[in-house]
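First comes the structure, then the notes that go with it.
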2 protein chains.
Amino acid sequence: MADQATGRRRSGGRAGAAARRGAAVIEQMPFSPPINRDRPVEPLSAEGIAAIHDGAMRILEEIGVVFLNPEALAILREAGCRVEGETVRMGRDFVMEMVAKAPSQFTLTPRNPAHRITVGGDTLLFGNVSSPPSYWDMEIGRKVSGTREKCADLMKLTQYFNCIHFAGGYPVEPVDIHASVRHLDVLFDKLTLCDKVMHAYSLGKERVEDVMEMVRIAGGLTEEEFQATPRMYTNINSTSPLKHDFPMIDGCLRLIRRGQAVVVTPFTLAGAMAPVTMAGAVAQSLAEALCAIALFQYVRPGTPCVIGTFTSNVDMKSGAPAFGTPEYMRATQMTGQMARFYGLPLRSSGVCAANVPDGQAMWETSNSLWAAVQSGTNMVYHAAGWLEGGLIASPEKFIMDCEVLQQIQRYMQPEIWDTGPDEIALDAIRSVGNSGHFFGTQHTQDRYTTAFYQPFLSDWRNFEGWEAAGAIWTPERAHLLYKQILDAFEPPPMDAAIRDELTAFVARRKAEGGAPTDF
Amino acid sequence: MADQATGRRRSGGRAGAAARRGAAVIEQMPFSPPINRDRPVEPLSAEGIAAIHDGAMRILEEIGVVFLNPEALAILREAGCRVEGETVRMGRDFVMEMVAKAPSQFTLTPRNPAHRITVGGDTLLFGNVSSPPSYWDMEIGRKVSGTREKCADLMKLTQYFNCIHFAGGYPVEPVDIHASVRHLDVLFDKLTLCDKVMHAYSLGKERVEDVMEMVRIAGGLTEEEFQATPRMYTNINSTSPLKHDFPMIDGCLRLIRRGQAVVVTPFTLAGAMAPVTMAGAVAQSLAEALCAIALFQYVRPGTPCVIGTFTSNVDMKSGAPAFGTPEYMRATQMTGQMARFYGLPLRSSGVCAANVPDGQAMWETSNSLWAAVQSGTNMVYHAAGWLEGGLIASPEKFIMDCEVLQQIQRYMQPEIWDTGPDEIALDAIRSVGNSGHFFGTQHTQDRYTTAFYQPFLSDWRNFEGWEAAGAIWTPERAHLLYKQILDAFEPPPMDAAIRDELTAFVARRKAEGGAPTDF
């Protein structure tokens, strides 16, 4: 298992670097996606679910959704939908018949099969922040444009942390690479630095096909093997309100025809691109997602699809999006109820509006992460590293978020609430009696190394101990850890022939001009 | 209504100060304790509940609890319990018969009846941090001993914030006042600065009786009126493992005999004063609390009692207590299930191990606050202002916590998930169609001022806007707000005759020597 956290010594490198790399920077929990056995929080009554479903269906039946994609229009016309110009209206019977074909859970198998993940059911998966144009860290101290170097650094964190289960989009947009070849360089970096499940942007056929091809090559797979089971996914957003653009739908169609998975996530900001009422914003979000999922199921019945929610509210003073708000939490829970109603896996996010990794960042992110837990979310996008409403990626925030994610992983372990005789511990209680303490008892000694969550970032010393160690606030501690992790990072193993093939593919596609940039 | 937040102008004071005070420093939600309609998270199965109950009962039947209080021993002997020396063993039939007499909910009525609270049922109440010996703020920048002035400042916050529903113990211990008269000075400050429900420490008969007397005087009540309905409460901790000390039990007996409420909160740190296993720590905590509640119900059937949980884990590396951990969250949820099993209101806490109001402080506190929500907690002690495992009170943390508490209050408002036709908003969606936005629609215009939570501390501007405003991190913003709130603070009205009577009481009791300090 190519696990960075085991601390096993490896050969090669200068002695000093090898020694640094040999010791694990932190002790972390193993790669083991949490199983969420908590009963979801369900604000909607059965009538509420029916009302939102009816709203979503009436949007699709009466108002319709624009598909700026001629192929989709032709397919949906063939399927019996009412197509006028680019507006598609579809009946609820068709929608429900198609959506019923989608699996309630499926697997994604990356090049390292030890990092295979199940999407759906009770499984809770975390992915890195995706697509911020800007980067901020404690050392730079200001907002700067993303670069290939910073993107690679954040990919190393994605690989390093066992609590990150899949790779999202670019953890920061490397704007120092020309857009025509950016996907080639970044996917080369991603695939050589990380062996977890990969993502492709649906931004034109070249990008999608190139990324699929690179994932196939990196996995050492024939086309038949690549298609045999989902290896990767794309995530698309609708253009709210009620519109799907060309490349997003095109990319999904390309992925599903090669057996890969799609996530459909409308970005319905209540009061801006959706109604100011959460039920309306959720109904619109569902309508936008379900019509695309219906299309994909018609094209390839049983294709793995995830329904996403990105319903939040704006700050009505400024119009700026807000995240991790009470309304965001409830919308996520409501969408969770609807996802279960439709039998689809759910994606939500780990998000905040804060600009720096401070207290606000963590209460907003905590709100969104607990909403993910409460809603029965299966995939948490942006679970580590997100700041400024998704406009900034921050390594300190990434590491702070991983501390919270690992705590959620531990929170889900049922041994915490075991109630067998050994856990009730009557004999230990009897032996200590009415004075003394449990530190030295055999019952404690037998269990103390594994009984409790051990943080890697939280400082649990008292004030004096913390002060003596430099009085370092959390983001500074995270920054130091970030540097240590980068310093000790070793990429997962990759066969030299595969690496050569990837290199050659990138070179050939660059020579061909990469992807057009006029989309 | 004596509400600081309404922003009504008042007469008096210098013109400048009056103008500052006249304008509300922040807009906040009204005093309106949240009603928690979320289904609780229940890790324990029915068998798990039975196992923990059986464990607690066997502790009481077989091992027994030490009561270092002769009066309690005599009462329990009379009640038929087996008393050997200071160890009391009681059968489960007796415990359950007594606990069944406790009301599942009751009210507490402070001197301002607009601040009456219901304890139990679905109500979720928040109180200020209690009893830290030390104080920290951004300006001082180091840990200092608590003073009367800082204690009063934090009491002003308790009064100011509508999301704080009751006063806990001293928000910081004013060690500059001699212990013999400390309770007199602090209660005078508390009662004149705050008109919310008051607390008495159970630390000797003089303190308890003095505080009850001062609460009676401040309310303008006869003794008969004071006793007619609960006005205040005490909170006691057992001396884990399995011991109740003299003054705590004595104070409770004094309060219940005058019709007041008690909260019994064992502090069972798993691995230190309780078994390393959470089920064992919870069972021990329940045993310690239930035997005291059984005593109080025997003495005065139907007396209002709350069962508290303070079960957390230690850091097994250092032995230091940790808070807001995964184990803490599950223990709180487990105790919530047990509190419902026993039909008792539940108290938990808003807690963290962090030493400064940074990201760690807020993820740990968020974990504990969401555990309070998930467990069906009724009273959240330490909900604002707690740092360093309760050893430090911080005004910045107080204000940051209030931002989170207000969001929980908003989160509980069921209008967020209304699903009537106006909320599904099909007409608005139809009117906007497949392009444009909802900012200008009538549906939005009619609702935008109240549709979403409005923060008073969170900064939702983008990075550039935040930077232009000084790039102020959350604790610094909280510090500025703290100063503004203190500057504008006006105490709630108090009848001059009552104030004089309180002053005279304090003077008389000081002349008598206050309370002995040899406890």
ask   = What number goes with the only condition from (1) within 14 Å of chain A (Cβ to nearest Cβ); (2) part of a helix (DSSP H, G or I); (3) among the hydrophobic types (A, V, I, L, M, F, W, C) that residue B:502 does not pass?
value = (1)
inquiry  = Which condition from (1) at the interface with chain B (Cβ under 9 Å from one of its Cβ atoms); (2) more than 27 Å from residue A:409 (Cβ to Cβ) is the one that residue A:452 breaks?
reply    = (2)
ask   = List the pairs whose first member sits in segment B:471-488 and is more than 14 Å from chain A (Cβ to nearest Cβ), whose second member is surrounded by fewer than 23 Cβ atoms within 10 Å (Cβ to Cβ) and at pLDDT below 95, and whose Cβ atoms are under 7 Å apart, counting only residues at least 6 apart or on separate chains?
value = B:484/B:25; B:485/B:25; B:487/B:20; B:488/B:20; B:488/B:21; B:488/B:25
key: Scan of segment A:402-433 for residues that are more than 16 Å from residue A:30 (Cα to Cα), buried (at least 18 other Cβ atoms within 10 Å of the Cβ) and not acidic (Asp, Glu), ordered by number   = A:416, A:417, A:419, A:424, A:425, A:426, A:428, A:429, A:432
ask   = Restricted to segment B:96-135, and to residues that are touching an Asp or Glu at 6+ places or on another chain (Cβ under 9 Å) and part of a helix (DSSP H, G or I), which residue is surrounded by the most Cβ atoms within 10 Å (Cβ to Cβ)?
value = B:115
inquiry  = Which residue is surrounded by the most Cβ atoms within 10 Å (Cβ to Cβ), if the candidates are limited to segment B:138-169 and must be assigned to a loop (DSSP other than H, G, I, E, B) and touching a helix residue (DSSP H, G or I) at 6+ places or on another chain (Cβ under 6 Å)?
reply    = B:161
message = Going through B:489, B:505, B:456 one at a time, which residue ends up being in contact with a Lys or Arg (Cβ under 6 Å, 6 or more places away or on another chain), surrounded by fewer than 20 Cβ atoms within 10 Å (Cβ to Cβ) and either outside the structural domain of residue B:402 (by TED's automatic domain parsing) or of a type outside the set (Gly, Ala, Ser) (or both)?
response = B:489
ask   = How many residues, within segment B:199-227, are buried (at least 19 other Cβ atoms within 10 Å of the Cβ) and basic (Lys, Arg)?
value = 2
task = Hey, can you tell me all the residues within segment B:263-292 that are of a type in the set (Gly, Ala, Ser) and either at negative phi or not assigned by TED's automatic domain parsing to the domain that holds residue B:351 (or both)?
result = B:270, B:272, B:274, B:279, B:280, B:281, B:283, B:285, B:287, B:289, B:292
key: Number of positions in segment B:320-353 that are at the interface with chain A (Cβ under 7 Å from one of its Cβ atoms) and either of a type outside the set (Asp, Glu) or in contact with a Cys (Cβ under 7 Å, 6 or more places away or on another chain) (or both)   = 8
task = Return yes when residue B:388 is under 22 Å from residue B:332 (Cβ atoms), within 7 Å of chain A (Cβ to nearest Cβ) and of a type in the set (Asp, Glu) and no when it is not.
result = yes
task = Pairs only if they're at least six apart or on different chains, beta carbon under 9 angstrom, first in segment A:206-225 and acidic (Asp, Glu), second assigned to a helix (DSSP H, G or I) and modelled with pLDDT under 95; list them, first residue then second.
result = none
inquiry  = With touching a His at 6+ places or on another chain (Cβ under 9 Å) and closer than 28 Å to residue B:255 by Cβ as the only criterion, which of B:375, B:312, B:368 stands out?
reply    = B:368
task = Filter segment A:402-422 down to the residues that are β-branched (Val, Ile, Thr), in a helix (DSSP H, G or I) and facing chain B (nearest Cβ under 7 Å), then identify the one that is farthest from residue B:63 (Cα to Cα).
result = A:404
task = Please indicate, with yes or no, whether at least one residue in segment A:275-283 is under 29 Å from residue B:457 (Cβ atoms) and more than 7 Å from chain B (Cβ to nearest Cβ).
result = yes
note = In segment B:382-400, anything touching a Gly at 6+ places or on another chain (Cβ under 6 Å) and farther than 17 Å from residue B:151 by Cβ is listed as B:383, B:400
In segment A:352-380, the residues that are within 21 Å of residue A:138 (Cβ to Cβ), in contact with a strand residue (DSSP E or B) (Cβ under 8 Å, 6 or more places away or on another chain) and assigned to a loop (DSSP other than H, G, I, E, B) = A:352, A:353, A:354, A:355, A:356, A:357
message = Quick check on residue B:8: is it charged (D, E, K, R), modelled with pLDDT under 95 and either out of contact with any Phe, Trp or Tyr (no Cβ under 9 Å at 6 or more places or on another chain) or closer than 24 Å to residue B:257 by Cα (or both)?
response = yes
message = I'd like to know if segment B:357-365 contains one or more residues that are surrounded by fewer than 24 Cβ atoms within 10 Å (Cβ to Cβ) and either under 26 Å from residue A:319 (Cβ atoms) or touching a helix residue (DSSP H, G or I) at 6+ places or on another chain (Cβ under 9 Å) (or both).
response = no
key: Which numbered condition residue B:491 misses (of (1) touching a residue at least 24 places away in the same chain (Cβ under 8 Å); (2) touching an Asp or Glu at 6+ places or on another chain (Cβ under 7 Å))   = (2)
Residue A:179 being small (Gly, Ala, Ser) and either crowded, with 19+ Cβ neighbours inside 10 Å or in contact with a His (Cβ under 8 Å, 6 or more places away or on another chain) (or both) = no
query = Which pairs do you get when a residue that is closer than 30 Å to residue B:372 by Cα, found in segment B:412-440, comes within reach of a residue that is basic (Lys, Arg) and assigned to a loop (DSSP other than H, G, I, E, B), reach meaning Cβ atoms under 9 angstrom, with the pair 6+ apart or on two chains?
reply = B:412/B:37; B:414/B:37
request  = For segment A:370-379, state whether one or more residues are without any contact (Cβ under 8 Å) to a residue 60 or more places away in the chain and more than 23 Å from residue B:439 (Cβ to Cβ).
outcome  = yes
request  = Kindly indicate which of B:337, B:333 is in contact with a Leu (Cβ under 6 Å, 6 or more places away or on another chain) and assigned to a helix (DSSP H, G or I).
outcome  = B:337
request  = Identify all residues within segment A:38-55 that are assigned to a helix (DSSP H, G or I) and either within 9 Å of chain B (Cβ to nearest Cβ) or on the phi > 0 side of the Ramachandran plot (or both); write none if there are none.
outcome  = A:47, A:48, A:49, A:50, A:51, A:52, A:54, A:55
note = Subset of segment B:423-442, residues within 7 Å of another protein chain (Cβ to nearest Cβ) and over 13 Å from residue A:241 (Cβ atoms), comes to B:423, B:424
remark   = Residue pairs qualifying under the 7 Å Cβ cut-off, at least six apart or on distinct chains, with the first in segment B:59-72 being within 11 Å of chain A (Cβ to nearest Cβ) and surrounded by 20 or more Cβ atoms within 10 Å (Cβ to Cβ) and the second being in a loop (DSSP other than H, G, I, E, B) and among the charged types (D, E, K, R), are B:66/B:86; B:67/B:86
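The values are calculated or read from the model by the stated rules, or taken from the named source; none is laboratory data. Please read these numbers as outputs of a predicted model, since none were measured by experiment. We place every Cβ from the backbone using ideal geometry, glycine too, and count neighbours over all the protein chains shown.
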